[in-house]
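Everything below concerns the one structure shown next.
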Amino acid sequence: MSLLRANRLSKTFGSVRAVDGVSFEVREGEIYGLLGPNGAGKTTSLSMICGLLKPDAGEVTIQGQGFWSDPLRARRLMGVVPQDIALYEDLSGRENLEFWGRMAGLTARAATARAGELLEALALTDRARDALKTYSGGMKRRVNLGCALLHRPRLLLLDEPTVGIDIQARMTILEFIRQLTRDGAGVLYTTHYLEEAETLCDRIGIIDHGVILAEGTLPELQRRLGENQLFALEGGFADTTPESWPGFAEQFRVLQRSDQQLLVAALKTRDPAEGLKALLALPVPIRNVTLKRPTLNEVFLQLTGRELRE
Amino acid sequence: MNAILQIARNDLRLFLRERTSWIWLVVLPLGFVYFMGFAARGPGGPVTPTVEVRLANHDDGFLGRLVLEAMGEQGLHVVPPENAEAKRGITIPAGFTDRVLATQRVDLEFFKVGEDTDPAAAMVELRLVRALIVVNSLLIEHAIATGGAPPTEEALRGLLRRENPVTLRSSFAGRKPMPVGFSLSLPGNLVMYLLLNLMVFGGASVAAERRNGVMRRLMTQPVRGAELVMGKVCGLIALGLVQVGIFLLIGQFLLGVNIRDHWFAILVTLAIYVWVAASLGVLAGSVIKAEEKVIGVCLLVSLPMAALGGCWWPLEVASPALQSVALAFPTGWAMAALHQLITFGSGFAGAREEIAVLALFGLAANLAAARWFRG
């Protein structure tokens with residue numbers, strides 16, 4: 001069942017079209033990743049979905065009902081984790097959790113009980129009474145996440161929730177998010193970390209310049225690049241133009257090039273051995289050819305013409 | 001409603017946790033109350049200052065002691081004849097009592113030391129005369145009452161202690177007295193610091209929450225925009241009432257300002273004024289983006305409003321033009337109401353107009369804060 005449907009959302013700031021006709025859907029028990037570089041339109045899209053911005057065009061539907069027809073109902077169904085650590089630094093972790101629980105509509109008793117559960121689940125019980133300003137970055141990120149979960153939202157909107165923290169803290173948070181979907185919650189996860197999108201998300205939408213360029217599961221996206229056939233060629237390519245090589249342009253597409261290496265994708269499904277044979281027959285000295293499975297970075301590279309580095 | 005209370009409670013908790021809050025809420029304002037109250041203290045109520053007079057009493061009878069007592073009643077403090085401070089003196093001759101009882105004339109010797117022109121010293125002569133009139137009156141009254149029987153010490157003291165059949169009460173006529181001392185400095189500083197604190201704390205906290213993303217997060221909660229604004233306003237109102245409570249208690253019990261007589265009307269006036277200041281604070285935080293600018297602007301706005309509103313000096317000493325300018329600010333109306341209630345002793349009826357105007361200021365500021373609130 002669809003929890004969230006964004007339908008042709010658009011938003012313009014002055015002369016800048018930040019989001020241009022973005023559509024996607026988040027279902028129950030699913031993690032949908034919105035992957036793109038900084039400034040791609042991820043946060044603007046998320047802001048329209050949670051009601052911080054009104055779209056210039058398009059519509060947001062939460063559990064089948066338009067967001068703006070009943071914003072309070074929609075907000076009760078969702079939990080939002082902002083990119084910033086938007087918490088009270090002078091309050092303790094427990095006090096922050098309890099406050100945001102009360103804001104989400106819980107009674108005092110329910111907020112206290114739920115805060116205790118979350119502190120334990122997020123491994124923060126030992127520091128629960130300490131002021132947030134004494135926490136490490138990773139601990140603050142965990143509280144930041146927990147504050148959106150007090151009322152057990154059906155839809156969770158996470159805006160780059162692991163920015164600026166170490167790998168171990170990131171893994172803890174990602175594992176926690178995976179557990180949430182097992183209870184049926186749907187997650188919209190914006191990130192510019194490829195690895196997170198690859199390992200965490202069930203489906204991924206690649207966004208750049210306010211437009212969704214491709215969408216699908218990781219294998220679906222990978223298939224867009226020559227059915228899992230990418231060839232890394234090592235040799236001297238400083239003054240060469242691969243597209244001018246006889247038969248190359250009909251069979252391959254260059255994804256990335258340097259003086260010493262070419263990364264090419266096969267255009268059609270074929271036996272990898274045939275691809276290797278065709279590459280080795282090219283009129284250039286090639287020292288080594290490696291067959292590799294396309295990564296999300298390479299998908300992004302193919303779609304946008306630039307890399308998305310972590 | 002629950003959201004409003006939660007936001008207000010949380011903001012109050014955050015304000016009161018800051019140690020600097022207490023400095024601005026209590027320590028600094030009360031320091032100014034004391035300093036300004038002490039500097040601007042008036043003459044106070046009508047009192048008889050005590051002045052010193054040299055006395056050489058050579059009499060060993062009871063009438064000499066009675067003269068001394070009558071001099072004390074007139075505010076004269078008797079010192080030994082060798083005292084250099086006293087500039088006037090009197091000598092009671094030996095055998096004074098005996099000669100009076102024998103109905104013989106006795107002269108008391110009055111003398112001056114140097115040519116002192118101190119008005120207080122000059123008052124000694126008048127008081128001495130009044131003391132001697134008292135003693136003579138007692139003797140005459142006793143003689144009339146007893147048909148000329150010799151007076152006894154007990155009888156004369158009984159007459160001296162008797163309540164006077166005629167007393168004089170004095171009060172201010174014409175215009176009301178000018179507020180002075182703590183009756184001016186307590187409400188003046190309270191009105192000024194309420195405005196300053198609530199504008200600075202309110203404006204800075206709204207700006208800070210907007211900067212660190214807390215405000216955006218609040219706006220993703222199932223809370224209406226109006227509830228968010230009112231939560232912020234109510235948090236500041238609660239903070240202001242904490243300051244009001246502390247000031248009124250200290251004013252009543254430590255500084256002797258008359259709060260008790262009209263405490264409820266004073267509280268209502270200040271609560272409405274706090275609402276005005278809190279709304280202005282939220283408004284400032286909404287229309288000014290950066291925290292540091294908010295603080296600067298709030299100081300620049302609140303201090304002139306305090307001065308022009310009569311928080312620093314009584315408006316009674318200002319020109320009519322400045323008195324009219326004060327009516328443009330909530331501080332002017334708040335001070336006018338508080339003077340009616342504290343200094344002039346009026347009840348609700350006397351401050352009704354001022355309280356109503358303050359409420360209009362509150363409504364306008366609150367609507368403006370809601371209209372321009374920015375998360």
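Could you list, in sequence order, the residues of segment A:254-280 that are without any contact (Cβ under 8 Å) to a residue 24 or more places away in the chain and either aliphatic (A, V, I, L, M) or not in a helix (DSSP H, G or I) (or both)?
Taking segment A:254-280 and keeping what is without any contact (Cβ under 8 Å) to a residue 24 or more places away in the chain, we get A:254, A:257-259, A:271, A:273-274, A:277, A:280.
Hits for segment A:254-280 are A:254, A:257, A:258, A:259, A:271, A:273, A:280.
With segment B:163-282 as the region, which helices (runs of 4 or more DSSP H) entirely inside it contain at least 3 residues that are surrounded by fewer than 21 Cβ atoms within 10 Å (Cβ to Cβ) and more than 14 Å from every other protein chain (Cβ to nearest Cβ)?
On the way: elements: B:182-211, B:214-219, B:225-253.
Once the helices (runs of 4 or more DSSP H) in segment B:163-282 are filtered for at least 3 residues that are surrounded by fewer than 21 Cβ atoms within 10 Å (Cβ to Cβ) and more than 14 Å from every other protein chain (Cβ to nearest Cβ), what remains is B:225-253.
Please enumerate the residues belonging to segment A:13-51 that are in a helix (DSSP H, G or I) and without any contact (Cβ under 8 Å) to a residue 24 or more places away in the chain.
Passing the criteria: only A:47.
Which residue, of B:74, B:6, is of a type outside the set (A, V, I, L, M), buried (at least 16 other Cβ atoms within 10 Å of the Cβ) and within 14 Å of chain A (Cβ to nearest Cβ)?
Values: B:74 fails: within 14 Å of chain A (Cβ to nearest Cβ).
Within the list B:74, B:6, the selection yields B:6.
Each row is one residue, and each column tells you yes or no for (1) over 18 Å from the mean Cα position of the chain (by Cα); (2) in contact (Cβ under 8 Å) with a residue 12 or more places away in the chain; (3) more than 15 Å from residue B:355 (Cα to Cα).
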| position | (1), (2), (3) |
| --- | --- |
| B:257 | no, yes, yes |
| B:269 | no, yes, no |
| B:296 | yes, no, yes |
| B:303 | yes, yes, yes |
| B:308 | yes, yes, yes |
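Looking at residue A:177 and the list (1) within 16 Å of residue A:78 (Cβ to Cβ); (2) open to solvent by 10 Å² or more (accessible area, probe 1.4 Å); (3) of a type in the set (Val, Ile, Thr), which single condition is not satisfied?
All conditions are met except number (2).
Tally the residues that are more than 8 Å from chain B (Cβ to nearest Cβ) and either touching a Lys or Arg at 6+ places or on another chain (Cβ under 8 Å) or part of a helix (DSSP H, G or I) (or both), restricting the search to segment A:100-110.
Start the filter on segment A:100-110 by keeping residues that are more than 8 Å from chain B (Cβ to nearest Cβ), which leaves A:101, A:106-110.
Now narrow it down to the ones that are either touching a Lys or Arg at 6+ places or on another chain (Cβ under 8 Å) or part of a helix (DSSP H, G or I) (or both): A:101, A:106, A:108-110.
Selection size over segment A:100-110: 5.
Checking the conditions here, which among A:132, A:118, A:97, A:77 is in contact (Cβ under 8 Å) with a residue 60 or more places away in the chain and either under 21 Å from residue B:216 (Cβ atoms) or more than 10 Å from every other protein chain (Cβ to nearest Cβ) (or both)?
Of A:132, A:118, A:97, A:77, the one residue that is in contact (Cβ under 8 Å) with a residue 60 or more places away in the chain and either under 21 Å from residue B:216 (Cβ atoms) or more than 10 Å from every other protein chain (Cβ to nearest Cβ) (or both) is A:77.
Any idea which of (1) within 14 Å of chain B (Cβ to nearest Cβ); (2) farther than 22 Å from residue A:184 by Cα; (3) of a type in the set (D, E, K, R) is the one residue A:127 doesn't satisfy?
(1)
Working only within segment A:194-217, note down all residues that are modelled with pLDDT under 90 and open to solvent by less than 30 Å² (accessible area, probe 1.4 Å).
A:194, A:196, A:197
Let me confirm something: among A:220, A:234, A:243, which residue is modelled with pLDDT of 85 or more, assigned to a helix (DSSP H, G or I) and not hydrophobic (A, V, I, L, M, F, W, C)? Outline the logic, then answer.
Values: A:234 fails: assigned to a helix (DSSP H, G or I); A:243 fails: modelled with pLDDT of 85 or more.
Among A:220, A:234, A:243, only A:220 is modelled with pLDDT of 85 or more, assigned to a helix (DSSP H, G or I) and not hydrophobic (A, V, I, L, M, F, W, C).
State whether the residues of segment B:340-359 include one that is in the same structural domain as residue B:282 (by TED's automatic domain parsing), open to solvent by less than 10 Å² (accessible area, probe 1.4 Å), assigned to a helix (DSSP H, G or I) and within 27 Å of residue B:286 (Cα to Cα).
Yes: one or more hits.
So which of A:205, A:216 ends up being within 23 Å of residue A:61 (Cβ to Cβ), free of Cβ contacts under 8 Å to residues at least 24 places away in the same chain and not hydroxyl-bearing (Ser, Thr, Tyr)? Walk me through it before giving the result.
Numbers: A:205 fails: free of Cβ contacts under 8 Å to residues at least 24 places away in the same chain.
Being within 23 Å of residue A:61 (Cβ to Cβ), free of Cβ contacts under 8 Å to residues at least 24 places away in the same chain and not hydroxyl-bearing (Ser, Thr, Tyr) holds for just one of A:205, A:216, which is A:216.
Within segment A:148-159, identify whether any single residue is aliphatic (A, V, I, L, M), within 14 Å of chain B (Cβ to nearest Cβ) and either part of a helix (DSSP H, G or I) or over 27 Å from residue A:26 (Cα atoms) (or both), and answer yes or no. Spell out the reasoning first.
We begin by selecting, within segment A:148-159, every residue aliphatic (A, V, I, L, M); these are A:148-150, A:155-158.
Subsequent filtering for residues that are within 14 Å of chain B (Cβ to nearest Cβ) retains A:148-150, A:155-158.
When the remaining residues are screened for being either part of a helix (DSSP H, G or I) or over 27 Å from residue A:26 (Cα atoms) (or both), the result is none.
No, the conditions are met nowhere in segment A:148-159.
Scanning for something open to solvent by less than 50 Å² (accessible area, probe 1.4 Å), without any contact (Cβ under 8 Å) to a residue 40 or more places away in the chain and within 10 Å of chain B (Cβ to nearest Cβ), does segment A:81-91 turn up at least one residue?
Scanning segment A:81-91 turns up no residue that is open to solvent by less than 50 Å² (accessible area, probe 1.4 Å), without any contact (Cβ under 8 Å) to a residue 40 or more places away in the chain and within 10 Å of chain B (Cβ to nearest Cβ).
Any idea how many residues of segment A:61-74 are open to solvent by 40 Å² or more (accessible area, probe 1.4 Å) and within 14 Å of chain B (Cβ to nearest Cβ)?
From segment A:61-74, those open to solvent by 40 Å² or more (accessible area, probe 1.4 Å) are A:63-65, A:68-70, A:73; that's our starting set.
Now restrict to residues that are within 14 Å of chain B (Cβ to nearest Cβ): A:68, A:70, A:73.
Residues in segment A:61-74 being open to solvent by 40 Å² or more (accessible area, probe 1.4 Å) and within 14 Å of chain B (Cβ to nearest Cβ): 3 in total.
Output the qualifying pairs, or none if there are none: Cβ atoms under 9 angstrom, residues six or more apart or on different chains, first residue in segment B:83-96 and among the aromatic types (Phe, Trp, Tyr), second residue open to solvent by less than 10 Å² (accessible area, probe 1.4 Å).
Short answer, once both residue conditions are applied: B:96/B:63; B:96/B:64; B:96/B:67.
Residue B:66 fails exactly one of the following numbered conditions: (1) buried (at least 16 other Cβ atoms within 10 Å of the Cβ); (2) in the same structural domain as residue B:233 (by TED's automatic domain parsing). What is the number of that condition?
Looking at each condition in turn, residue B:66 falls short on (2).
Among the candidates A:58, A:33, A:51, A:39, which residue alone is over 30 Å from residue A:131 (Cα atoms) and at the interface with chain B (Cβ under 8 Å from one of its Cβ atoms)? Write out each step before concluding.
Details: A:58 fails: at the interface with chain B (Cβ under 8 Å from one of its Cβ atoms); A:33 fails: at the interface with chain B (Cβ under 8 Å from one of its Cβ atoms); A:39 fails: at the interface with chain B (Cβ under 8 Å from one of its Cβ atoms).
Going through A:58, A:33, A:51, A:39 in turn, the sole match is A:51.
The values are calculated or read from the model by the stated rules, or taken from the named source; none is laboratory data. Nothing here was measured: the structure is a model prediction, and the numbers come from that model. With ideal geometry, Cβ positions are generated from the backbone for all residues, glycine too; neighbour counts draw on all protein chains shown. Ligands, DNA and RNA are excluded from the accessible area calculation, which covers all protein heavy atoms including side chains. Shrake-Rupley method; radii C 1.70, N 1.55, O 1.52, S 1.80 Å.
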